[in-house]
Amino acid sequence: ATMVQKYQSPVRVYKHPFELIMAAYERRFPTCPLIPMFVASDTVNEYKSEDGAVHVIERRCKLDIDAPRLLKKIAGVDYVYFVQKNSLNRRERTLHIEAYNETFSNRVIINEHCSYTVHPDNEDWTCFEQSASLDIKSFFGFESTVEKIAMKQYTSNIKKGKEIIEYYLKQLEEEGITFVPRWTPPVACKSESSTSHPRRPVSPAINIPESATKEGLSNKEILNTSSSPSEPTAGTPDDKLDADYIKRYLGDLTPMQESCLIRLRQWLQETHKGKIPKDEHILRFLRARDFNIDKAREILCQSLTWRKQHQVDYILDTWNPPQVLQDYYAGGWHHHDKDGRPLYVLRLGQMDTKGLVRALGEEALLRYVLSINEEGLRRCEENTKVFGRPISSWTCLVDLEGLNMRHLWRPGVKALLRIIEVVEANYPETLGRLLILRAPRVFPVLWTLVSPFIDDNTRKKFLIYAGNDYQGPGGLLDYIDKEIIPDFLGGECMCEVPEGGLVPKSLYRTAEELENEDIKLWTETIYQSASVFKGAPHEVLIQIVDASSVITWDFDVCKGDIVFNIFHSKRAPQPPKKDSLGAHSITSPGGNNVQLIDKVWQLGRDYSMVESPLICKEGESVQGSHVTRWPGFYILQWKFHSMPACATTNLPRVDDVLASLQVSSHKCKVMYYTEVIGSEDFRGSMTSLESSHSGFSQLSAATTSSSQSHSSSMISR
């Protein structure tokens, strides 16, 4: 197996003329005290053109590689020899350097190409670029060790390259050499008129032969010549990255990190003819995959496709969030933290997540979160300009004051998980820090549900404070300036973030209405509808294998009054029969209706009631959970709540159903969702679940709880 490593440098700009840089460069030979491993060099070949413009010199360089003694012993060498060919063209003001290894050339192939050229926009500056490839075919079973050594040596030398030139420039300056005249053609007396004037610093373009490399040409001519991939072409930052730009806008990167960024960016330019992401965004994907260029390319391409599909590039300009969001979504941007990162404040505890999902659907909620992330990217860019240093992520402050059972509403948590998933995939490495404040007792439950979906890198950035701990040492003041701490956290700064509060029920929409909304990112709805008739309850079977699992439920009574029960049975009920009830057993837009409890079963003998019946009135929302004591079959039942007077009539079920079809007042409608959560996800946090009453003052909470079975149900009216 061969390993190929590639390196491509950014453009390094020296603010000195080419000739002076060359004078400094020449001083590296035959040996250079600044590169201890460079032991000696001999000239093998040399060529000079008659007019002195071209000078090609080939050297054999002897290197003392810093490798373990054992490896040198196995390889049987003390020194490694390289051949370096330098082609200087004084007329075009270019130096091309090519180097390859002579030692072990059948096992390891190293190629390097460097160039010094004139800066395209300033002829008194010089650009330097280098690229290299390392291909290890075999090395006595030590391939990966050799690769590591080679990369380490190589990258440390890249860093030295600039220091060396600067060292010799300084030496020249101390010797009084600050100017080296440009090359001019030798003057022949006869044909003086035909040669260009000696005073002219650069010969006109016509004199440049076809083979001239692009660096010497003007930008206009670059466009007309085809470039071969092996020739590095100098350019401006919009098509190439220079080292100073990287430091200023993207941060301190190692040579290999710079190289990954440049190569991935180059690949995007060649393959994605459309809009390619900004450099700082490409860099985020590389960071998310520890600079593994192939893995980063894969997630970046998926994200680019996703952006195109959902027109995310235009979301800030074209999408207006619905009024409900503007009124009830308790989040917003608020100045910046001490590191200059944009600060986003989210008052999650004050937010009616359930109401928002029911009024808007997940789609609009997700779009809103995407627009917040797009705005975050924009603010990072702005802060990078303002603060004069790279800022590529934001800080999020989440206030959980008011968090309660409502927030553990499973569809809401599910929506949250999906949103986290989309954000993790498309905005990697954007969260610099997450401050979670005033975490209440139910928080551990929410955390166990959400944390598996969060990337490890991201999770390290979470800081969680319970109660008023955030006011103490190591608290908020370490991260945010006193002047901008929001008023609701005891600070002096008026915070414009909406208060949140309950979304009015009148704004809720049914699953069907949400279905007909514009394009979907997710088609399925979490809720199921059921119809409940007098004498024909709707029943749902849940099989429990592991005792002490937790069954959670959540339903809205859309029409009529119902009684909610939960039963346990050791044996499986018969599958519902497709008899005259067939019309109801199948799922229809009107909702399904299924009976599981056999008519011959007796309560107390064949099955038992594990919770006291809960009467739920039209328009109520109920959420609750039950910790199962035994394995077996649990049946959730929604039953028509009849007036006590009617309870005496004992009609057979089928007739009752037929009767109820004529009289719609005997029909109830429920939208429900159930889920089983493993006990390990809940261990340690059950107690906080039971005792959680609503923090919303408008809510009246009726909590039914039977001591034997750890259940809690909460009704919000």
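The values are calculated or read from the model by the stated rules, or taken from the named source; none is laboratory data. Values in this document were obtained by computation on a predicted structure and should not be read as measured data. No Cβ is skipped: glycine too gets one built from the backbone with ideal geometry, and neighbour counts run over all protein chains shown. The accessibility values were calculated without ligands, DNA or RNA, using every heavy atom of the protein model including side chains. Shrake-Rupley method; radii C 1.70, N 1.55, O 1.52, S 1.80 Å.
Here are some notes:
- FRET efficiency, Val545 to Asn468 (Cβ-Cβ, R0 35 Å, nearest 0.05): 0.25
- Share of carbon and sulfur in the accessible heavy-atom surface of segment 317-506 [1.4 Å probe, %]: 51
- For Lys534, the solvent-accessible surface computed with a 1.4 Å probe is close to 40 Å², ligands and nucleic acids excluded.
- Solvent-accessible heavy-atom area per residue, rounded to whole Å², over segment 243-310 at 1.4 Å: 51
- Scalar couplings 3J(HN,Hα) for segment 280-286, obtained by applying the Karplus form with A = 6.51, B = -1.76, C = 1.60 to θ = phi - 60°, are 5, 7, 4, 4, 4, 5, 5 Hz; x denotes Gly and Pro.
- Here Arg263 and Thr43 are evaluated by their C-beta separation; at R0 = 51 Å the FRET efficiency comes out at 0.90.
- In the assembled protein chains, Ile110 presents an accessible area of approximately 40 Å² (probe radius 1.4 Å).
- Those chymotrypsin sites (Phe, Trp or Tyr not before Pro) in segment 66-111 that DSSP places in a loop and that have at most 13 other beta carbons within 10 Å: none
- Loop-resident sites, segment 287-320, for chymotrypsin sites (Phe, Trp or Tyr not before Pro), counting at most 16 other Cβ within 10 Å (DSSP): Trp319
- Take segment 4-175 with all the other protein chains still there, run a 1.4 Å probe, and you get 50 Å² of accessible area per residue.
- GluC sites (Glu not before Pro) restricted to segment 111-182 and DSSP loop, no more than 16 other C-beta within 10 Å: Glu175
- If you wrap the Cα atoms of segment 243-310 in a convex hull and average its projected area over all directions, you get 4.5 nm².
- Residues Met609, Met494, Met671, Met256, sorted by accessible area with the largest first, give Met494, Met609, Met256, Met671 [1.4 Å probe; ligands and nucleic acids excluded].
- Note: relative contact order over segment 281-423, using C-alpha pairs below 8 Å and six or more positions apart, is 24 percent.
- Mean separation of Cα contacts under 8 Å (6+ apart) over length of segment 4-175, as relative contact order %: 25
- Per atom type, segment 113-173 shows carbon and sulfur on 52% of its accessible surface, probed at 1.4 Å.
- Summing charges over all other residues whose Cβ lies under 11 Å from the Cβ of Pro428, with Lys and Arg as +1 and Asp and Glu as -1, gives 0.
- Surface accessible to a 1.4 Å probe, per residue, for the residues of segment 317-506, Å²: 40
- For Asp242, residues with placed amide H under 5 Å, excluding near neighbours: Val11
- Distance (nanometres) between label positions extended 7 Å along Cα→Cβ at Gln302 and Val56: 5.0
- Pairwise label distance in nanometres, Tyr81 with Leu507, each label 7 Å out on the Cα-Cβ vector: 8.0
- Share of carbon and sulfur in the accessible heavy-atom surface of segment 243-310 [1.4 Å probe, %]: 49
- Taking other residues whose beta carbon is less than 10 angstrom from the beta carbon of Thr126, and scoring Lys, Arg as +1 and Asp, Glu as -1, yields 0.
- In this structure Asp252 has an accessible area near 120 Å², from a 1.4 Å probe over the protein heavy atoms.
- Label zone of Thr103 (point 7 Å out along Cα→Cβ, amide N under 16 Å): in segment 152-177 this covers 152-154.
- Anisotropy class of segment 317-506 from Cα gyration tensor, a/c 1.5 cut: rounded
- With the simple model of a label 7 Å out from the Cα in the direction of the Cβ, Val187 to Gln309 spans 7.3 nm.
- For segment 17-65: rounded, prolate or oblate by the Cα gyration tensor [a/c cutoff 1.5]: oblate
- Sorting Thr353, Thr430, Thr271 on solvent-accessible area from highest to lowest, probe radius 1.4 Å, gives Thr271, Thr353, Thr430.
- Using C-alpha pairs under 8 Å with a sequence gap of at least 6, the mean separation divided by the residue count of segment 243-310 gives a relative contact order of 25 percent.
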